[in-house]
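Undergrad: Encoded as structure tokens, here's the structure I'll be asking about.
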Amino acid sequence: MAQDPETKSRIWNHHPDLPIPVSPILSWPPQPLAWLKWISAYWLTLSAVTVELALAVVVYTWFQPSWDEMQVLALGWAAQIWLRNLILLLLVAGGLHVWFITLKGQGHSLKFDARDQTRHNGHFTFRNQVADNMFWSIASSLSFWTLYEIGYFWAAANGYAPRISAVEHPVWFVLWLVLIPIWSSFHFYWAHRLLHWPPLYKLAHSLHHRNINIGPWAGISMHPVEGALYFSTLLVHFVVPSHPIHFLFHGYVNGLNPCVSHSGFEGVVARNRKRLNTGDFFHQLHHRYFECNYGTAEMPWDVIFGSFHDGSEEATRATRERKKQMYT
Ligand SMILES: [Zn+2]
Ligand SMILES: [Zn+2]
């Protein structure tokens, strides 16, 4: 994990090899082997998406209200959905926070930004970064995530949203699982670019960007306008035939993934070895330089639409130039 001092950037405590790689998914001419390698790195390892899919299966099997019950909007099953999302958020964001920040389980090893979370700063609600992030994650984002989920299950129970069975449509069941993170990334790219339109940035998205040095609770710390827009990715299930596992998985990709990717650490280290990939340097750059990397590292939207920051000083200069043009 030691880095060559010649290539190590001066402004980061740790960073991956630079420039950061570009996703080959939409490369031309097609590179099927590179695609397979890239996709298998996400799907055939213990990664955020595989854990989220396992969670979706567990929740659907053991913690799902019955279709009959969900035909009528009622506080009981709606509260159950809110509670299970809250518990998952507390487990993922809270668990990573306790390991990385409270216990300092691995010190500064693989930590991108050497600084600690901010306290006694009027920039944040309650003058405390973690309390601010927890409040907005739970009061704002979790509410919209849960509202869309309640709406979807009520609509699916009444036949207003198209449902499929995994046994009758096994190919579509698997294909849609692979497509969901790609759709979610595409939706995020455009919703996020819209949020960087100066009036919307000032009104809503600046709240998420209070966090220059990010931590797990920063992931879905969002203004309600951003929370509503960000989780609107889930509305696709009102149109595209889905199984409940698709919806739950999609919710976890959007609700839990950001807590992992905002952790501020490249991975969980135990006994001197990286055991699990967590942080996302690609998005860490967005929090440092703002007008770049609006999408996610798995998909090349930023490369295609000209907003990619590869971690180099040259890319920092180009990003600063773009920011100047946007705000003049
Ligand atoms: Zn962020
Ligand atoms: Zn942003």
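Undergrad: Counting C-alpha atoms alone, how compact is the range 21-113: give Rg to one decimal and Dmax as a whole number, in angstrom.
TA: 19.5, 53
Undergrad: Among ALA78, ALA161, ALA54, determine the one that fluctuates most according to a GNM of the chain built with springs between C-alpha atoms less than 10 Å apart.
TA: Answer for the Gaussian network model of the chain: ALA54.
Undergrad: Give the cross-link partners of LYS323 among the lysines, using a straight C-alpha distance below 19 Å as the criterion and excluding same-chain residues fewer than 8 apart.
TA: LYS202
Undergrad: Would you please classify the overall shape of the range 1-159 from the alpha carbon gyration tensor, given that a ≥ b ≥ c denote the square roots of the eigenvalues, rounded means a/c under 1.5, and beyond that prolate means a/b larger than b/c while oblate covers the rest?
TA: Numbers: a/c = 2.56, a/b = 1.35, b/c = 1.89.
Oblate is the answer for the range 1-159, as a/c is 1.5 or above yet b/c matches or exceeds a/b.
Undergrad: For THR328 paired with VAL57, estimate the spin-label separation in nm (one decimal), with each label point 7 Å from Cα along the Cα-to-Cβ line.
TA: Roughly 5.5 nm, to one decimal.
Undergrad: Of ILE180, LEU229, THR102, which is farthest along the charge dipole of the chain in the positive direction, counting Lys and Arg as +1 and Asp and Glu as -1 at C-beta?
TA: Value: THR102.
Undergrad: Can you list which of the GluC sites (Glu not before Pro) found in the range 258-320 are DSSP loop residues with at most 15 other C-beta atoms within 10 Å?
TA: For GluC sites (Glu not before Pro) across the range 258-320 that sit outside H, G, I, E and B with at most 15 neighbouring Cβ atoms in 10 Å, the list is empty.
Undergrad: Would you mind checking which residues have amide H under 5 Å from GLY267's amide H? H placed 1.01 Å from N; only 5 or more apart, or other chain.
TA: THR278, GLY279
Undergrad: If you don't mind, there's one more thing I want to ask. Using unit Cβ charges (K, R positive; D, E negative) and no other charged atoms, how large, in debye to the nearest 20, is the dipole of the chain about its Cα centre?
TA: Approximately 780 debye in magnitude.
Undergrad: Can you tell me how the range 199-295 classifies by the Cα gyration tensor, rounded, prolate or oblate, using a/c under 1.5 as the rounded cut?
TA: Judged from the Cα gyration tensor, the range 199-295 comes out oblate (a/c at least 1.5, b/c at or above a/b).
Undergrad: Take the Cα gyration tensor of the chain, multiply each eigenvalue by 5, square-root it, and list the three semi-axes largest first, rounded to whole angstrom. Intermediate values should be presented prior to the final figure.
TA: Numbers: eigenvalues 204, 107, 84 Å².
Semi-axes, largest first: 32, 23, 21 Å.
Since every read-out is calculated from the coordinates, none of them should be taken as a lab result. All of these numbers come straight from a predicted model, not from anything done at the bench. Quick reminder, even Gly has a Cβ in these numbers, built from the backbone with ideal geometry, and neighbours come from all protein chains shown.
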